[in-house]
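Read through the structure below, which is laid out as structure tokens, and then see the notes.
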């Protein structure tokens with residue numbers, strides 16, 4: 001990955017080569033994996049401290065002799081998956097893949113998560129969704145999501161809404177999904 | 001609980017009565033339960049949005065027909081247990097019970113957690129430990145913890161250190177462990 005940069009091709013050629021590398025690397029990688037990788041990169045480079053919360057699990061039986069959980073179940077989530085600190089601010093967001101090419105179904109977001117979003121925005125959090133639709137990644141501001149719900153009876157957000165109202169997260173080499181670059185544009189304009 | 005306040009006893013009597021109620025309610029309640037209750041209270045009263053992170057678990061086998069996890073194990077923690085937003089700030093902390101009456105063993109804190117503490121402090125987080133020692137609850141600032149480690153070869157923090165350098169969290173009726181009141185004193189002096 002780094003060696004590609006070191007080859008020092010003429011700029012145009014390099015850009016082309018990098019693009020093909022990016023496409024190859026990304027193919028089939030889930031949005032969650034892309035964000036986890038970005039977070040590892042941000043941590044290593046001391047850009048931000050952001051983690052995915054562990055999946056909430058209800059534990060019923062533990063075999064303590066082997067330190068093994070033998071009976072457990074998945075609990076519902078009431079918050080978003082990722083949170084942490086960036087540029088001194090509390091950041092809290094969720095990643096969602098849309099399986100439809102025409103719109104993002106709002107049923108993807110639990111009712112508790114909407115409540116959570118309203119609560120943290122009120123306290124001054126930076127909060128958003130990262131939505132993968134048609135293999136394009138958009139940052140949907142929490143405030144825009146709430147506005148959409150309040151002013152629409154639609155049960156999904158059309159693809160065009162993302163194109164017209166959200167900033168797209170461009171894929172690059174490292175990290176592949178540099179979503180904090182878009183956070184800079186959207187939340188820290190010109191700072 | 002609320003009815004106690006509504007009885008409207010003369011102040012002195014009420015204070016006495018409340019104290020006995022507090023003692024009774026707290027007896028045997030773990031520090032984790034006390035903090036979870038406080039966080040529920042803060043959420044209800046719209047004071048702060050702070051959650052305990054789910055325990056990280058590695059899943060090996062799932063019986064999808066019954067939506068049941070049949071084989072899993074506890075993973076090591078690399079961050080602190082609680083995080084969220086308070087007064088617009090990122091807050092991130094850990095709760096620890098000391099079983100010794102004379103000191104708090106530093107082996108209670110994992111190496112990864114010290115790294116985590118340093119990282120988040122650098123980014124501007126409010127971070128601390130809440131330590132239960134002798135059934136007294138102290139807020140130990142992350143900065144003070146790091147100073148202690150740098151300037152000591154001791155493997156534990158003596159009880160007197162807490163008494164002399166930390167603010168004690170007084171128990172009250174609701175929430176029982178109002179730790180954000182101490183956060184106000186320590187981090188938002190006079191604001």
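Within a 10 angstrom radius of each residue's Cβ in B:62-70, how many Cβ atoms of other chains show up on average? Whole number is fine.
3
Can you sort B:153, A:102, B:176, A:70 from fewest to most other Cβ atoms within 10 Å of each residue's own Cβ?
In order of increasing Cβ crowding within 10 Å: B:153, A:102, A:70, B:176.
If packing is taken as the average count of other Cβ atoms within 10 Å, what order do B:106-115, B:77-86 fall into, highest mean first?
Averaged packing, sorted descending, gives the order B:77-86, B:106-115.
Multiply the residue gap between residue B:52 and residue B:181 by 0.36 nm, knock off their C-alpha separation, and tell me the result in nm, one decimal place. Could the numbers behind the result be given before it?
On the way: separation 129, 0.36 × 129 = 46.44 nm, distance 1.87 nm.
Fully extending the segment from residue B:52 to residue B:181 adds 44.6 nm.
Evaluate peptide B:84-94: per residue, the Cβ atoms of other protein chains within 10 Å of its Cβ; return the mean as an integer.
That works out to 5 on average.
Sort shortest first the distances from residue B:148 to its counterpart in every other copy, using label points 7 Å along the Cα-to-beta-carbon line, and give them in nm.
Reported distances to equivalent positions: 4.8 nm.
Residue separation times 0.36 nm, minus the C-alpha to C-alpha distance between residue A:76 and residue A:102: what's the value?
Extra length available between residue A:76 and residue A:102 comes to 6.6 nm.
If we hang a label 7 Å off Cα along the beta carbon direction at residue B:114, how far is it from the matching labels on the other copies, in nm, shortest first?
4.7
Using a 7 Å offset from Cα along the direction of the beta-carbon, what are the separations from residue B:75 to the same position in each other copy, nm, ascending?
1.7
Report the label-to-label distance for residue A:59 and residue A:151 in nanometres (one decimal), using points 7 Å from each Cα along the Cα→Cβ vector.
Taking the two extended label points, one gets 4.8 nm.
Only the coordinates and a few stated rules stand behind these numbers; no lab work does. Computed from a predicted model, the values in this text were never measured in an experiment. Here the Cβ is made from the backbone with ideal geometry for all residues, glycine too, and neighbour counts use every protein chain on show.
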